[in-house]
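What follows is a single structure, written as structure tokens, with notes after it.
Only the coordinates and a few stated rules stand behind these numbers; no lab work does. What you see is a predicted model; the values in this text were computed from it and never measured.
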């Protein structure tokens, strides 16, 4: 089940006192239970002692890089992780996402966007194959029968197109890097072949989006990858 905000526990890891105060206030007002630490080592200890439902992690910590905290966390903890950082360059985003982050928000950020990102990440905790079709827009995906319909009519997807769709559904709300998608669908030796992915993304949008040129559900994260918001 998806933890509701009133029950979900957030572990905030940030060394800036102003950000800690802001996050604590915003998250508690939204109904979350909040724990706050200032260092990477404290974050690892807290997550081990009482695993949180979701983690908000700053990359610039005083004792160790946030990416290293993330790598260590991912050895045993699978809670969604939202990165907060002043570093907005693509290479920093890709490094964090490839290390296991689920989403990335650059400082300064809007409170409403922060809360929306957290809600999206918590939705990912709902089982994908729960016996019920997934619906987004006019599309319905029945994974038990591998059946995709749009406006009630069957949509013909190739095996690769369906595999791409299923990958997005499994990781809905999460930013998937080009390298991750290519490795999952074409193998690790195909990680540089981004043109493959561009072609299949175009096909998927044409078949499932109402306006393929301005996609609502299969969104591009420039220079990084894609996000499915269904």
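Checking the a/c ratio against 1.5 first, then a/b against b/c, what shape does the Cα gyration tensor give for the stretch 9-123? Rounded, since a/c falls under 1.5. Size estimate for the stretch 83-230 follows the Kirkwood approach: the inverse of mean 1/r over distinct Cα pairs works out to 16.2 Å.
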